[in-house]
Amino acid sequence: SAQDILAQLDAAFRRISSIHYRKFSQTSGVEEELIDESWYQAPRTIKAHLRNGRAENWHLLRDTAMIEFEPASRQRSDESAIEQEPGWLMQIHLQNAKYLQQWYDVTAKKLTAPPAFLASLYQGQAPTQLYLLTGTARSSSGVGYPPVVKVEYVADLERGLIVGRREYWHGVIGSGREEELGKTESVSQWKAYPGGV
């Protein structure tokens, strides 16, 4: 069930001691651009460097506090309490399972082969613990902005990571499709370091 997959994913993620995660934006015909970089240290510390155009921000999440820094002045610009699960900022871990279950009807399916958009990550190997979680919005208008009517997560339980995420938005009027693929995020490569890191 989806509940079992979420619980197993969380347990697998808790076994991870350290991750350095880099996210690139890639648009067809445009060179890849590094848009954020996160460092996770178990049990609940995340340091993140986010870039949005020319603006840059550093965030430090520790337990239930998030501190934001201005890189130029090296001063704290904001501090707030958060009530999210550890790892919510890192898109390799499912972003707040409670949120997903609150707004979506979630189903789970075991995959016998990785989806085509993850083929290069697995390079012909057939992972044994790969699952597809599909969330269909409970509201016909969708969730968030742009409104997401369906979301898919590909979970690799062996590694304890979300390796792919797809958002589906409302179809273009007149296209005959109720939903269209709006956004894809995927892990493109990984490297294991000595000591299980």
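Just a yes or no: is a residue in the stretch 134-141 closer than 23 Å to Lys23 by Cα and surrounded by fewer than 17 Cβ atoms within 10 Å (Cβ to Cβ)? Looking through the stretch 134-141, none of the residues is closer than 23 Å to Lys23 by Cα and surrounded by fewer than 17 Cβ atoms within 10 Å (Cβ to Cβ). Test Gln129 against the stated conditions and say whether it is over 17 Å from the mean Cα position of the chain (by Cα), open to solvent by less than 70 Å² (accessible area, probe 1.4 Å) and either within 23 Å of Asp4 (Cα to Cα) or modelled with pLDDT under 85 (or both). Against the criterion (over 17 Å from the mean Cα position of the chain (by Cα), open to solvent by less than 70 Å² (accessible area, probe 1.4 Å) and either within 23 Å of Asp4 (Cα to Cα) or modelled with pLDDT under 85 (or both)), Gln129 qualifies. Would you say Arg44 is under 16 Å from the mean Cα position of the chain (by Cα) and exposed (fewer than 15 other Cβ atoms within 10 Å of the Cβ)? Considered against the rule, which asks whether it is under 16 Å from the mean Cα position of the chain (by Cα) and exposed (fewer than 15 other Cβ atoms within 10 Å of the Cβ), Arg44 comes out as no. Among the numbered conditions (1) closer than 30 Å to Ala42 by Cα; (2) among the basic types (Lys, Arg); (3) at pLDDT below 85, the only one that Arg177 does not meet is (1). Is it fair to say Asp78 is in contact with a strand residue (DSSP E or B) (Cβ under 7 Å, 6 or more places away or on another chain), surrounded by fewer than 12 Cβ atoms within 10 Å (Cβ to Cβ) and either modelled with pLDDT of 80 or more or in a helix (DSSP H, G or I) (or both)? Spelling it out, Asp78 is indeed in contact with a strand residue (DSSP E or B) (Cβ under 7 Å, 6 or more places away or on another chain), surrounded by fewer than 12 Cβ atoms within 10 Å (Cβ to Cβ) and either modelled with pLDDT of 80 or more or in a helix (DSSP H, G or I) (or both).
When the stretch 157-197 is filtered for residues that are of a type in the set (A, V, I, L, M, F, W, C) and in contact (Cβ under 8 Å) with a residue 24 or more places away in the chain, the ones remaining, listed by number, are Leu157, Leu161, Ile162, Val163, Trp169, Val187, Trp190, Val197.
Taking Ser1, is it closer than 30 Å to Ser141 by Cβ, at pLDDT 80 or above and loosely packed, with under 12 Cβ neighbours inside 10 Å? Yes; evaluated as a whole, the condition is true for this residue.
The values are calculated or read from the model by the stated rules, or taken from the named source; none is laboratory data. Because the structure is a prediction, the values reported are computed rather than measured. Reconstructed Cβ throughout: ideal geometry from the backbone, glycine too, with neighbour counts over all protein chains shown. SASA here: full protein model, heavy atoms, side chains in, ligands and nucleic acids out. Shrake-Rupley method; radii C 1.70, N 1.55, O 1.52, S 1.80 Å.
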